[in-house]
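Before any comments, here is the structure.
The values are calculated or read from the model by the stated rules, or taken from the named source; none is laboratory data. None of the values given here were measured: they were computed from a predicted structure. Here the Cβ positions follow ideal geometry from the backbone for every residue, glycine too, while neighbour counts run over all protein chains shown.
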Amino acid sequence: MAPPTLSPPPAPPPEELPPTPSEARVEPQVVFVDDADARFEVSRRVQLVQMGWMLNGEATCGNHTGADLVLPENRIDPDQVFSVTDYFTLKVRGRKGQLTVTAPDEMVVDGELAEPRAYDQLDKLNFEIIRRDEDGEEDFTVPFIITRDATLPDPRASLILLDHEDPLAAALMTRGLPARSPRTLSFTGFDFTLLDTGEGDVVLSDYLASYRKADGFESFFIQQDGERFRTAPEDGGEVVLHLGDRLVIGHSVFILKQV
């Protein structure tokens with residue numbers, strides 16, 4: 001009689017390795033602008049101001065690095081604490097769209113605190129996001145308008161426009177340029193340098209490392225002298241900008257201004 005066949009013992013389960021940095025989840029961080037720094041930025045003569053965002057599709061607006069549309073907090077006190085907050089989600093398809101409020105206590109719609117609901121008439125929607133002081137009280141609001149701009153790189157996109165008439169709201173989205181000294185800026189991980197020549201021109205440079213990707217190029221468009229938007233030079237060459245010229249980096253839309 002043949003001896004019984006013995007099955008080999010089961011293999012131990014594979015050891016679970018810790019995630020690599022690219023696989024590890026990165027917790028979103030609140031984005032803020034210190035109040036004193038904001039006042040300094042808007043005091044400079046030439047400024048790069050974020051007008052708002054270009055959107056064709058779906059996005060979330062929040063105060064943190066994980067949001068598609070980032071509205072910074074205004075930090076008055078160094079010990080001021082903020083919570084990661086999503087204010088609303090927005091879907092845009094051509095002339096149709098829907099905004100869904102996700103933080104009703106932090107938004108005002110038509111003069112009243114928002115309700116946790118969806119709004120479809122985007123062209124008639126007036127809404128604001130509240131900014132609070134160190135005591136948690138309302139300090140000021142940032143007004144939004146959703147409109148159309150046929151000159152944008154994506155003709156089907158809507159423009160989520162920030163109202164900069166209130167200097168407090170404008171300061172959150174303004175970066176001043178020192179005269180005749182280069183300044184490197186970073187927006188959602190896209191780095192570039194601007195130099196105000198002091199003669200009405202601003203030179204854009206040092207953007208190629210952020211612009212070029214392994215499978216192509218980042219979304220980066222430039223509008224000069226009122227002409228149509230064009231992609232930034234793929235060789236990373238310097239670009240001479242003038243006041244009123246605009247940049248689109250990802251979703252974000254910027255304009256060069258002088259005060």
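Every residue in the stretch 199-237 that is more than 21 Å from Trp53 (Cα to Cα) and surrounded by 13 or more Cβ atoms within 10 Å (Cβ to Cβ), please.
Selection gives Asp201, Val202, Val203, Ser205, Asp206, Leu208, Arg212, Pro233, Gly236.
Keeping to the stretch 80-129, report how many residues are in a strand (DSSP E or B) and over 17 Å from Ala67 (Cα atoms).
13
Quick grid of which residues meet (1) surrounded by 18 or more Cβ atoms within 10 Å (Cβ to Cβ); (2) within 18 Å of the chain's Cα centre (by Cα):
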| residue | (1), (2) |
| --- | --- |
| Lys96 | no, no |
| Gly111 | no, no |
| Tyr119 | yes, no |
| Ile130 | yes, yes |
| Leu152 | yes, yes |
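Give me the pairs, please: first residue somewhere in the stretch 152-164 and polar (S, T, N, Q), second residue anywhere and surrounded by 16 or more Cβ atoms within 10 Å (Cβ to Cβ), beta-carbon distance under 6 Å, and either six or more positions apart or on two chains.
Ser158/Leu55; Ser158/Val92; Ser158/Ile146
Can you report the number of residues in the stretch 182-196 which are of a type in the set (S, T, N, Q) and either at pLDDT 95 or above or crowded, with 18+ Cβ neighbours inside 10 Å (or both)?
2
Scan the stretch 161-216 residue by residue and report those that are in contact with a Ser or Thr (Cβ under 8 Å, 6 or more places away or on another chain), under 21 Å from Asp68 (Cα atoms) and among the basic types (Lys, Arg).
none
Yes/no per residue for (1) touching a residue at least 60 places away in the same chain (Cβ under 8 Å); (2) closer than 17 Å to Val42 by Cα:
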residue: Leu172; (1), (2): yes, yes
residue: Gly176; (1), (2): yes, yes
residue: Thr188; (1), (2): yes, no
residue: Tyr211; (1), (2): no, no
residue: Gly216; (1), (2): no, no
residue: Gln224; (1), (2): no, no
residue: Glu238; (1), (2): no, no
residue: Leu243; (1), (2): yes, yes
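Run down Gly250, Gly226, Gly244, Gly237 and say which single residue is out of contact with any helix residue (DSSP H, G or I) (no Cβ under 7 Å at 6 or more places or on another chain), under 28 Å from Asp163 (Cβ atoms) and at pLDDT 95 or above.
From the options Gly250, Gly226, Gly244, Gly237, the qualifying one is Gly244.
Which of the numbered conditions does Met107 fail, given that it passes all the others? Conditions: (1) within 26 Å of Val31 (Cα to Cα); (2) surrounded by fewer than 15 Cβ atoms within 10 Å (Cβ to Cβ).
(2)
Identify the residue in the stretch 72-98 that is in contact with a helix residue (DSSP H, G or I) (Cβ under 7 Å, 6 or more places away or on another chain) and in contact (Cβ under 8 Å) with a residue 60 or more places away in the chain and, among all such residues, is farthest from Leu125 (Cα to Cα).
Ile76
Collect the residues in the stretch 164-214 that are among the polar types (S, T, N, Q) and under 22 Å from the mean Cα position of the chain (by Cα), keeping them in residue-number order.
Matches in the stretch 164-214: Thr174, Thr184, Ser186, Thr188, Thr193, Ser205, Ser210.
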